[in-house]
Structures are given as C-alpha cells and as structure tokens.
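Report on the following structure.
The values are calculated or read from the model by the stated rules, or taken from the named source; none is laboratory data. These numbers were taken from a predicted model, which means no experiment stands behind them. Cβ atoms come from the backbone with ideal geometry, glycine included; neighbour counts cover every protein chain shown.
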Amino acid sequence: MNPIVKVSGLEKSFGDLQILNGIDIEVASGEVVAIIGPSGSGKTTVLRCLNLLERPDGGRIEVNGRVVCEEQPNGKVKFASKREIREIREELGMVFQRFNLFPHMTALQNIVEAPKAVKGVSRTDAEAKARELLDSVGLSHRADHYPLQMSGGQQQRVAIARSLAMDPAVMLFDEVTSAVDPELAGEILLVMKRLADEGMTMIVVTHEMGFAADVADRVLFMDHGAVVEQGPAQQVLGQPQHARTKAFLRAVLDRTPMDAVSEPPTDEAGSQPGEAGSQPVDATSPDATDTKVERLETELAQLRGELDVTRRQLEQKRDSRPWG
Amino acid sequence: MDWNFVREITPTILEGLSITLSLFLWSVLFSTIGGLILALMRLSGLAPLRWFSAFFGWLFRGIPLLLIMFYVFFALPEFGETWTLPPFRAAVVALSMWAAAYQSEAIRSGIISVDVGQFEAAEALGMSRFHYMRRIVLPQSVRIIVPPFTGNAINLMKQTSLATVITVPEMTLLAQRIISNEFKAVEPLFALAIIFLALTSVLVLAQIGLEHAFRLKT
C-alpha cells in the first residue's frame, strides 16, 4: 500500500485543552475512510489539520508525496511554505458542515472561481466543467441560483461540486449532513456514494452510521483525541471490540436507525432510485413491522421536506423586498 | 426672513459649491483608499502594521478636526518649505486623514463581520489571501460597510465647512462674507443650510442605491 495521506503522531491543543493526542492515520489511494466518534473527540480537527486550517503542534503530515508539516528534532513543527500550502490545498478538496458557499455568487460562479483564479483555467473551460459537475450532482437547473435561494441539501451538493472542480486527489468531508434537514441528507450522501464508486479517495467525518457501513472501506473510531479502534466498516460497526466504541454506537443507533439514511435525492426525478436504498446493516435489527413503520415515516418526512422547501420558496418570493 | 434677499445671495454662495464639492470628492477618495489600507493593516499578521493602524486611528479620531486643520495649515510650515501647503490642499489633507481614521473602522467592521467559514472555504480551495480578500471577503463586507461608510461621508460633507477657518473660499466662507458685508445673518445661513441639506440628501439616496445593489440575493 502506498498511502496518499500519511499522518503520524499528530498533536494539537487549543490552549490547555489537548484535542489530538498523537494520531496515526494512513489512507490509500481510492480508499474511503469514515471517522466516527463522539463530539469533541477531535475528528474534525484531524481533517482541518490536513489542509492546515488548523496548525498542528506536533507530528507529521504527508499528502500525495508532499510534506505538509513535520516535527523537527527540537520539537518545533516546520510547515510547508505559503506557496506549497496552496498547492497542497489544491489536492485536498474540503466540504464543510455549513457549506460555506460564497453567498454573493451564483452556484456556477462559486464553482468557477477557484479553477480560474488558482489554476488559471480559462473562463470557457471552467464554466463547461462547472456545468458538467452541476449536472453530476443533479443541479444543472440551479446554475444561476444564489446559495440562499437553495435548500441546504442543494447548497451542500454545490459545495461538493465546487471542491471537485479543482480536481483534488483526496476529498475531505466534515460532517456534511449535520447542518441540513434530515430528509435532505440522503441527496448529499448519494452524491458522495457515487463519488466513492468512481474511485475517489475520501476521508469522511460523519455521524451517518448507515453511510459509513454502506460506503466506507474502513471505519476509524476516535475518542479523546486518539484513534481507539479501526478496521473494516462491518467489523467496527458490527462487532466493535472496544467498550467505548460499543457505548458510542449504542448511543447513536438508539436515536437513528441505520437504514434511515441513503435515500435518493428528492429533486432528482428518479435518476437512480433505490440505488443507495436501505441495506440491512443494522446491528440492532428491529423487527419487520418496526422497519416498515420507519420506512413510511422516512417517506413522510421526505414529503414534508419537499412541502417545506416549496413553501419557503413561495414565501421568499412573497417577501423579497429591495432591502431584503 | 427676506425671501428676495435669499434669492439674491444664493448664487453668490453657490459660487463656492465647486470648491466644497472638490474638497469633499478628493477627501472621500483619499480617505476611502487610506481607510481600506488602514483596515487591512489592522487585520494584518504583522504586528508593526497593526500598531501603526491602531495608533493612526487613535490619534485622528481623538483630536478635533479643527485642530488637525490648524496644524496642517499653520504648524507644518514651520518644519520647512516642503511642508507648506496652500489652503485647499491643506484642507484636503486634514479632512482625508481625519475621515480615513473613521472609514478604516467602518471597513474593518465589515471585514470582520464576514463569516469565518468564508475565509476557510477560500483557503481550502487554494486561493491566495490577496485573491480571496478581493473576490470573496470585500464584496461581502460592502453590504455591512455601506451604512457606516455613508454616515462618515455625510459627516465629511458637512465638515468641509471647517476649511473656512484656513481661508478656503468654499460656501461657508462666502456666506460669512455676506453676513459681514450686509449685516444680515438669517438669510445667508438659511441658504447655506438648504444647500448642505441638498448635498447630504444625495448621499442618503446613494446609500439606498448602494444597499440595494449589494443586497444578498435570496
């Protein structure tokens, strides 16, 4: 295995609070790694250290053969130069929990901006590619919409397209469904699943256990700034070895049944219905009636979601005033 | 009040309009550029730049504008010939420094109001600081900057009248001349007030237009 991402001994603290306690992670090219764990376990910080949105206090990171940062013998961390950091960031697409689309630009402009500015791609080429990407996330009809005119699920899909436009070698997903209404999470997860199927290397920080079970090659469980347990998804989620992993999974699964995720997008008229449909990966395995009730409830929630979106759009139209 | 007299003197006062306007326009231009530079310095990673900007703001917001004007016009020439400025230029310098101190705070407040996620998204995409400030952050901060910025500009418009004390022949000086020649104060001051109100009204309208232009599309 020739890892595309190599993290060793990664340490990070905020003030007195040690967030990362010597993390070692290796990700192979084409691998999909899901990082799960309780809030505050440091999983998001790991991701943010990879592209130096957070600067580690110790350890070493290597991405696609480039050294991002390296602890020197004297204990100080040496970082790549500004220019190198920008080049490394081109290789690492990042999708954020809260989308972070540029609100003053349309979906298309959001996607076109970085390739034009950073890679010097011509406007025509960048736009052609952006339209292709929008199409691939099922949003070609939203190209000229502004972020605030779209639902959370749509915004997040544009954000994924924006990252992909830079042709990254690795995609980082930071709890990308946590800020959207539950019934819209499925459309994001479906896009991610397709990306994984196409062979993209992905590191996914997530609370979506169904997605982790379904798509990830490997699952890492983090707690208190350390990797507690890792292995194939079925193993970590199905037969967790460590007591803390068991406790965490119990807490998560009691709240969200695993097969409630991975629904097809609501506004992508049956492009691939059921492709990512419910798969029986549930370790707690509720009986048949429960499953049916849950499925119907999910459908109901989805319909309610569509109704909500339509209603919100109508309200926005009604309320749009010059000073709005 | 003698309306005929008002009508008679208004053209005389308006002879100073072009000077009032050029005082205003030059100062708006310089104070906006200066304010932007000061705001970026204040947010810079380099401590000396931050200190300079903070010092500048502290100084020029803390001294009366009248004093700044006196200083530039009367005190600076004592440092030598090169520091001697004609009245108009001295007034522009004083107004620009004074207004730049205020505009830098208006601009800075707009920049720091932009969501930190915007900076992160831009950085994660590999954009340079210069690029994302110009294309991502500043366009979004304009929306926040416009109201305090126009407030400062309205203030600047009115404060051009202070240039009268260093003998710049703008409208206030002309009105004062009428008062001392004709021994009538009500009419010239009334006319002057109306003209200034008209000028500041234009700025208020400009603010409405700018806010509309930079509103977020929802």
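The residues of region A:56-78 that are surrounded by fewer than 22 Cβ atoms within 10 Å (Cβ to Cβ), within 14 Å of another protein chain (Cβ to nearest Cβ) and assigned to a strand (DSSP E or B) amount to a single one, A:Arg66. Of the helices (runs of 4 or more DSSP H) lying entirely inside region B:1-102, those containing at least 1 residues that are closer than 23 Å to B:Ser141 by Cα and of a type in the set (Phe, Trp, Tyr) are B:17-42, B:47-62. Checking each residue in region B:188-218 for being touching a Pro at 6+ places or on another chain (Cβ under 6 Å) and in a helix (DSSP H, G or I) picks out only B:His212. Please verify whether B:Arg134 is within 10 Å of another protein chain (Cβ to nearest Cβ), in contact (Cβ under 8 Å) with a residue 12 or more places away in the chain and farther than 14 Å from B:Ser31 by Cβ, treating the condition exactly as stated. It is false that B:Arg134 is within 10 Å of another protein chain (Cβ to nearest Cβ), in contact (Cβ under 8 Å) with a residue 12 or more places away in the chain and farther than 14 Å from B:Ser31 by Cβ.
Selection of region A:85-98 for residues being over 16 Å from A:Pro168 (Cβ atoms) and more than 8 Å from chain B (Cβ to nearest Cβ) yields only A:Gln97. The conditions of being touching a residue at least 60 places away in the same chain (Cβ under 8 Å) and within 20 Å of B:Leu162 (Cβ to Cβ) are not met by B:Tyr71.
Residues satisfying the criterion are present in region A:81-92 (criterion: assigned to a helix (DSSP H, G or I), within 28 Å of B:Asp115 (Cβ to Cβ) and among the hydrophobic types (A, V, I, L, M, F, W, C)). Find the residue count for region B:103-118, including only residues that are part of a helix (DSSP H, G or I) and in contact with a helix residue (DSSP H, G or I) (Cβ under 8 Å, 6 or more places away or on another chain). The qualifying residues number 10.
Of all the numbered requirements in (1) touching a helix residue (DSSP H, G or I) at 6+ places or on another chain (Cβ under 7 Å); (2) modelled with pLDDT of 95 or more, B:Asp2 misses one, and that requirement is (2).
Of B:Ile178, B:Ile112, B:Ile107, all but one fail to be more than 30 Å from B:Phe73 (Cβ to Cβ), in contact (Cβ under 8 Å) with a residue 24 or more places away in the chain, away from chain A (no Cβ under 14 Å) and hydrophobic (A, V, I, L, M, F, W, C); the exception is B:Ile112.
In region B:181-218, which residues are within 14 Å of chain A (Cβ to nearest Cβ) and more than 21 Å from B:Thr150 (Cα to Cα)? Hits for region B:181-218 are B:Lys217, B:Thr218. Just one of the listed residues (A:Leu101, A:Leu148, A:Leu134) is more than 30 Å from A:Glu26 (Cβ to Cβ) and assigned to a loop (DSSP other than H, G, I, E, B), and it is A:Leu101. Among the residues in region B:139-153, are any away from every other protein chain (no Cβ under 14 Å), part of a helix (DSSP H, G or I), buried (at least 17 other Cβ atoms within 10 Å of the Cβ) and aliphatic (A, V, I, L, M)? Yes, some residue in region B:139-153 is away from every other protein chain (no Cβ under 14 Å), part of a helix (DSSP H, G or I), buried (at least 17 other Cβ atoms within 10 Å of the Cβ) and aliphatic (A, V, I, L, M). Would region A:222-234 turn up any residue that is in a loop (DSSP other than H, G, I, E, B), crowded, with 22+ Cβ neighbours inside 10 Å and within 14 Å of chain B (Cβ to nearest Cβ)? No, region A:222-234 contains no residue that is in a loop (DSSP other than H, G, I, E, B), crowded, with 22+ Cβ neighbours inside 10 Å and within 14 Å of chain B (Cβ to nearest Cβ). Scanning region B:115-131 for residues that are facing chain A (nearest Cβ under 7 Å) and within 15 Å of A:Pro103 (Cα to Cα), we see that the one that is surrounded by the most Cβ atoms within 10 Å (Cβ to Cβ) is B:Ala121.
So, A:Ile203, is that one crowded, with 24+ Cβ neighbours inside 10 Å, away from chain B (no Cβ under 12 Å), in contact with a helix residue (DSSP H, G or I) (Cβ under 8 Å, 6 or more places away or on another chain) and without any contact (Cβ under 8 Å) to a residue 60 or more places away in the chain or not? It is false that A:Ile203 is crowded, with 24+ Cβ neighbours inside 10 Å, away from chain B (no Cβ under 12 Å), in contact with a helix residue (DSSP H, G or I) (Cβ under 8 Å, 6 or more places away or on another chain) and without any contact (Cβ under 8 Å) to a residue 60 or more places away in the chain.
Of all residues in region A:133-191, how many are within 14 Å of chain B (Cβ to nearest Cβ), within 12 Å of the chain's Cα centre (by Cα) and among the charged types (D, E, K, R)? Selection size over region A:133-191: 2. Taken residue by residue, region A:162-173 has at least one member that is among the small types (Gly, Ala, Ser) and part of a helix (DSSP H, G or I). Scanning region A:99-118 for residues that are farther than 14 Å from A:Pro147 by Cβ, of a type in the set (A, V, I, L, M) and more than 8 Å from chain B (Cβ to nearest Cβ) gives a single hit, A:Val112.
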